[in-house]
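What follows draws every value from the coordinates through simple rules; no lab data is involved. Owing to the predicted nature of the structure, the values given are computational and were not obtained by experimental measurement. Glycine also receives a Cβ, built like all others from the backbone with ideal geometry; neighbour counts cover every protein chain displayed.
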Amino acid sequence: MTTLLQLFSVAAISAGAFFFFAGTVGLLRFPDSLTRLHALTKADNLGLGLVVLGLLPRAENTLSALKLLVIWALVLLSGASTAQLIGRALRRGRK
Amino acid sequence: MTPSVLAGLTGAALVGLGLYGLILHPHPLRKLLAFNLIGSGVFLVFGIVARRGAAAGFRFDPVPQAMVITGIVVAFAASAIAVALILRLSMESRNVTLDPEVWTRPNGGDAT
Amino acid sequence: MSVLPVLDVVLASLVIGVALFTITARDLFASVVGYVAYGLLLAFVWIRLYAPDVALTEAAVGSGVTGVLLITAGKRLGALKNAAPEMRPGLSLKILTGALAALVAGALGTAILMLPDPPPSLAPEAAAAASGAGAGLENPITAVLMSYRSFDTMLEKIVLILAVVGVWSVGADKAWGRAPAPLRQSRPYAPMVLLARTLAPVGVLIGIHIFWTGADAPGGAFQGGALLAAMWMVTMMARLAGPPRIDAQWLRMAMVAGPAVFLVTGLAGGVLAGSFFAYPPGIAKPIILAIEAFMVLSIATALPMLVVGPPSERPDQ
Amino acid sequence: MNELLLAAAGLIVLTVAIGLARILRGPTDVERLMAVQLLGTGGIAALLLIAYATNVPGVEDVALGLALLAPFATIAFINLLDADQGDAEV
C-alpha cells in the first residue's frame with residue numbers, strides 16, 4: 001500500500017467515525033422522534049460509506065472490495081426505505 | 001483478562017439474567033425470550049472453550065463451534081414449537097398467562 | 001496500551017446491558033426489539049472469538065428469524081401489554097429469584113475462571129478426520145459439520161422436520177392441508193414493497209454465495225439456508241407471496257430432501273467406502289457440496305414454515 | 001495502523017452504545033425500532049473495522065448477512081405495529 005493510499009484510508013475512516021459521532025449527537029440533542037430518525041439514518045449511512053471507502057485499499061482481493069461496496073449499497077437501500085416506514089409509523093402513532 | 005474469559009463471564013451473566021426472567025415473567029412469550037437468553041449464554045460459555053482449546057494449528061477449536069451452530073438452529077426449532085403451543089393454548093382458553101390462579105378463576109379470568 | 005481490551009469490555013457490558021433491558025422491559029414489543037439488538041451484538045462477540053461462522057448463524061437464526069417468530073406470535077396473540085398488575089411477582093420472590101440467578105451465574109463464572117490450562121481439545125482429532133475424509137475443505141467448521149460430526153448434522157436436520165410436523169399438528173383438525181395464516185393482511189406500504197422486491201433477489205444471491213464459499217471460507221449450508229429463508233419471509237411480509245398450502249408436494253419434498261440425501265449418502269458410504277458416513281477419498285468435496293445443496297433447500301423451506309405456524313382455518317385469517 | 005482502525009471502531013461502538021441507551025428508553029415503541037437501524041449501520045462499520053484490524057477472514061460475508069437482516073427485522077416490527085393499529089390501509 002502506498003503512502004498516499006494509506007493517508008486516504010486514514011482520512012476516510014476518521015471522517016466516517018466523525019459522522020457516526022455526529023449522528024449520535026443528533027440522536028441525543030434533537031427534540032422529537034422524526035428529527036432523531038433523520039440524524040440516525042443520514043449521518044450513519046454517510047459514516048458507513050466513508051468507513052467502507054477507507055477499508056477498500058485494505059481489502060484482500062477484488063471480490064472482498066466488491067462485497068464491501070455491496071454492503072454499503074444494501075445499507076443505503078434498507079436505510080432509506082425503513083426510514084420511510086418508521087417515519088410513517090411515527091406519524092400514525094401520533095394521531 | 002483475555003477476550004475469551006471475558007466472553008465466558010458475559011455468557012455466565014446472561015445465563016443468570018435469563019434464569020431470572022424465566023422464573024419471574026408471567027407472560028409465556030417473555031418466558032420463551034428469557035429461555036433463549038439462557039441458551040445464548042450457554043453457547044457463549046461453550047464457545048470460549050472453543051477459543052481456549054486452540055490447538056492443532058487452528059486459531060480456534062472447530063468442534064465446539066460447529067456444535068454451537070447446530071445448537072442455535074435446534075434452539076430455534078424448539079422455540080417454534082413452544083410458540084405454536086402457546087398460540088394454541090391461548091386459542092383454547094382465551095388466555096395467555098401461565099399463572100395458575102388465573103386458570104382456576106371462573107370465566108377464565110381474562111389476563112388483560 | 002492497546003485499544004482492544006477496552007473495546008472488549010465495552011462490548012461485553014453493552015451485551016449485558018441490552019440483555020438486561022430485554023428482561024426488564026415493560027412490554028413484549030420493547031423486549032423483542034431488545035432481543036433482536038442483543039442478537040446482533042452477540043454476533044460481534046463471536047467475531048471477537050474468531051468465529052465468523054457462528055456470528056453469521058447467531059445473527060441470522062438466533063436474532064433475525066427468532067425475532068420474527070416472536071413478533072408474529074405477539075401479533076397473533078393480539079395482546080402485547082397483558083401482564084395484569086396482580087400477576088406481578090412480589091418483592092420477596094424477586095429477591096429470592098435474583099439470588100438464585102446470581103448464584104448460578106456466579107458458579108458458572110467461577111468454573112470458567114478455573115478451566116484447565118491447556119484445556120482438553122478435540123481439535124487434533126477433528127483436524128485428522130477433516131484432512132482424511134473431508135479432503136479439500138478449507139473451512140474446518142464445515143469439515144467438522146459434514147465429516148467429523150456428520151451424524152449430528154443429519155439428525156439436526158431431522159429435528160427441524162420433526163419441529164415442522166409438531167407445529168403443523170398443533171393446528172385445528174379442520175384446517176389440515178390448508179395454508180398457514182399470511183404474515184400480513186392489509187396492503188403493504190409502497191417502500192416496503194420496494195424494499196422486499198430489491199432485497200429478496202440480492203439476498204437470494206448472497207445466500208447462495210455464502211453456502212458456496214462455506215467449503216473454504218466462513219459460511220455454509222446453515223447460514224446460506226437461513227438467509228434464503230429470511231428472504232422468503234420478506235416477500236411474505238410484504239404480501240408479495242403467501243405461505244404455501246402445507247399439503248403441497250413440492251414443499252414436503254424440499255423439506256425432506258436434505259436429510260434424505262444425507263442419509264442415502266451415509267448408507268452408500270457404508271457400502272462403498274467401508275463405514276457409515278465415510279466419503280470415498282478424492283471425490284469427498286463434490287459429494288459434501290451436493291449434500292449441502294439439498295440441506296440449504298431443506299433449511300430455506302423449514303425455517304419459514306416454522307415461523308408462519310400451523311395451517312389456519314380461515315384462508316383470510 | 002491497526003490501532004487506528006481499532007480506535008475508530010471503539011469510537012463507533014461507544015456512540016452506538018450511547019445511541020442504543022437513548023433509543024431503547026423510548027418513549028414510543030416506534031422509537032425503539034431505530035435501535036435495529038442503528039445497529040445495522042453502526043454495527044456493520046464497527047464489525048468491519050474490528051475484523052480488519054484483528055485479521056478475521058471472510059468477515060465481509062458476515063457483514064452482508066447483517067445488512068440483509070436489519071431491514072428484515074424492521075419490516076416485521078412495522079407489520080406488527082400496523083396490526084396493532086388496526087392494520088388499516090393508508
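Quantify how strongly other chains surround peptide D:21-32 by giving the mean number of their Cβ atoms within 10 Å of each of its Cβ atoms. Please report the intermediate quantities before stating the final value.
Values: counts 5, 4, 7, 9, 2, 4, 1, 5, 8, 13, 9, 9.
If you average over the peptide's residues, the count of other-chain Cβ atoms is 6.
Within 10 Å of each Cβ of C:160-172, how many other protein chain Cβ atoms are there on average? All intermediate terms of the calculation are to be shown ahead of the outcome.
Numbers: counts 5, 1, 2, 9, 3, 1, 6, 9, 1, 2, 9, 4, 2.
Neighbouring Cβ atoms belonging to other protein chains average 4 per residue here.
Per residue of the range C:172-179, in order, report the coupling 6.51 cos²θ - 1.76 cosθ + 1.60 (Karplus, θ = phi - 60°) as ³J(HN,Hα) in whole Hz, putting x for Gly and Pro.
Along the range C:172-179, the couplings run 5, 4, 4, 8, 4, x, 7, 8 Hz.
Please work out the FRET efficiency for the pair A:L34 and A:A73, using the Cβ-Cβ distance as r and a Förster radius of 22 Å; give the result to the nearest 0.05. Please list the in-between numbers first.
Details: r = 25 Å, r/R0 = 1.16.
Efficiency, rounded to the nearest 0.05: 0.30.
What's the extension gain from C:K174 to C:L93 if we count 0.36 nm per residue and subtract their Cα-Cα distance? Can you show the working numbers first?
Working: separation 81, 0.36 × 81 = 29.16 nm, distance 4.35 nm.
Going from the current span to full extension adds 24.8 nm.
Could you give the angle, 0 to 90 degrees to the nearest 10, between helix A:33-55's Cα long axis and the longest principal axis of the Cα atoms of chain A?
In chain A, helix A:33-55 runs at an angle near 10 degrees to the longest axis.
Answer rounded, prolate or oblate for the protein assembly as shown, using the Cα gyration tensor with square roots of eigenvalues a ≥ b ≥ c: rounded when a/c is under 1.5, else prolate when a/b is larger than b/c, else oblate. Don't skip to the answer; put the middle values down first.
Numbers: a/c = 1.33, a/b = 1.09, b/c = 1.22.
Note, shape of the protein assembly as shown comes out rounded.
Dipole of the range C:1-88 (Lys/Arg Cβ +1, Asp/Glu Cβ -1, origin at the Cα centre): which of C:T57, C:A73, C:F44 lies farthest to the positive side?
Of the listed residues, the answer is C:A73.
With helices defined as uninterrupted DSSP H runs, which ones in chain D have an alpha carbon span along their own long axis of at least 24 Å and mean Kyte-Doolittle hydropathy of at least 1.6?
Values: long enough: D:2-24 (32 Å, 1.93); D:59-84 (38 Å, 1.40).
Helices passing the filter in chain D: D:2-24.
Under a point spin-label approximation (7 Å from Cα along Cα-to-Cβ), what is the D:I18-C:L100 distance to one decimal in nm?
Calculated label separation equals 4.1 nm.
Kindly provide the helix-only [θ] at 222 nm of the protein assembly as shown, computed as the sum of -39,500 (n - 2.57) over DSSP H runs of four or more divided by all residues, to the nearest 500 deg cm²/dmol? Let's see the in-between values first.
Working: 23 runs with 444 residues, N = 614.
So the helix-based figure for the protein assembly as shown works out to -25000 deg cm²/dmol.
Which of B:R88, D:R25, C:R48 comes first, and how do the rest follow, when ranked by fewest Cβ neighbours within 10 Å? Please list the in-between numbers first.
Details: B:R88 17, D:R25 11, C:R48 23.
So the residues, fewest neighbours to most, are D:R25, B:R88, C:R48.
When chain C is treated as a GNM, springs tying every alpha-carbon pair under 10 Å, which of C:T97, C:T198, C:T142 comes out with the largest mean-square fluctuation?
Comparing C:T97, C:T198, C:T142 in a Gaussian network model of chain C, the most mobile one is C:T97.
Identify, among C:F222, C:L251, D:V59, the residue whose Cα sits farthest towards the positive end of the charge dipole of the protein assembly as shown, taking +1 on the Cβ of Lys and Arg and -1 on the Cβ of Asp and Glu, with the dipole about the Cα centre.
Going by the charge dipole, the pick is C:L251.
Charges only on Cβ, +1 for Lys and Arg, -1 for Asp and Glu: so what's the dipole of the range C:122-317 about the Cα centre, in debye to the nearest 20? Write out the running numbers ahead of the final one.
Numbers: 12 positive and 10 negative charges, 151 e Å.
That gives a dipole near 720 debye.
With +1 on each Lys and Arg Cβ and -1 on each Asp and Glu Cβ, how big is the dipole of the protein assembly as shown about its Cα centre, in debye rounded to the nearest 20?
Values: 40 positive and 33 negative charges, 290 e Å.
Computed about the Cα centre, the dipole is about 1400 debye.
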